[in-house]
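Read-outs throughout are calculated quantities, based only on the coordinates presented, and are distinct from any laboratory measurement. Everything numeric in this text was worked out from a predicted model, so none of it was measured. Heads up, the Cβs are rebuilt from the backbone with ideal geometry, glycines too, and the neighbour counts pull from every protein chain shown.
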Amino acid sequence: MIGVLHTSTHEDSLRVTSETGAYAERTGSTLALYDNAGRLLVNYDTQSGTLELRATADLHLAAPAGSVRVSAGRRIELSAPEAELAGRQLSLRGDATQVDFGRLELRGERLLTRVAEAFVDVERVAETRAKRLRTLVESTLELFAQRTSIRSEKDTRVDGKRILLG
């Protein structure tokens, strides 16, 4: 960057200005970079260690030959009216994961769920629609309800060593 060093009226303020009008400024413990319209792009507080990046339009972080990592000692927050995460392969890991949503829609070719235990609590209706439905249970299948209905348009088959009714 080619620039001219200007000292302002404040003893603690220094400014370097490029030939296009963009400038960097030090005020106290803060270092800032502004575009040629005077809009803040980068703000670094040397005392707190806080770095802020701003863009008036799009902000693009790229590492064409490497990786981009974002890490924090406490927390990472992402916020936008719309968000998209895309990749050939995605992984999400956490000791405890919570997802809150108004509506969740999953679409895909295949869904595999493998867990030690699964508990699903549905307040109103749980419905599964399928061309075929098969449940494989290694030991015991228990169904508890106040009423149970099984309806078939054709045959209903119950097969077992013993069938106990009542």
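Taking a ≥ b ≥ c as the square roots of the eigenvalues of the Cα gyration tensor, the range 88-139 is classed as rounded, since a/c falls below 1.5. Placing unit charges on the Cβ atoms of the charged side chains and taking the dipole of the range 6-105 about its Cα centre, the candidate lying farthest along the positive direction among 18, 34, 91 is 91.
When volume of the Cα convex hull per residue in Å³ is calculated for this entry, the matching label among (i) 150; (ii) 262; (iii) 272 is (ii).
In the chain, Cα pairs under 8 Å separated by at least six residues give a relative contact order of 7 percent.
Straightening the chain between residue 41 and residue 116 buys 22.1 nm, computed as 0.36 nm per residue apart minus the Cα-Cα spacing. Under 5 Å between amide hydrogens, built in the peptide plane, is the criterion, and for residue 22 it picks out 36 among residues at least 5 positions away or on other chains.
Centre-to-centre separation between the Cα atoms of the range 43-116 and those of the range 117-166: 40 Å.
Where nothing but the Cβ of Lys and Arg (+1) and of Asp and Glu (-1) is charged, how large is the charge dipole of the chain around its Cα centre, in debye to the nearest 20?
Values: 24 positive and 24 negative charges, 273 e Å.
Charge dipole, the chain, about its Cα centre: 1320 debye, nearest 20.
What the phi angles of the range 17-30 give under the Karplus curve with 6.51, -1.76 and 1.60, with θ = phi - 60°, is a coupling list of 10, 7, 5, 8, x, 5, 8, 10, 9, 10, 10, x, 9, 10 Hz, glycine and proline written as x.
Placing dummy labels 7 Å off each Cα toward the beta-carbon, the span from residue 89 to residue 147 is 5.1 nm.
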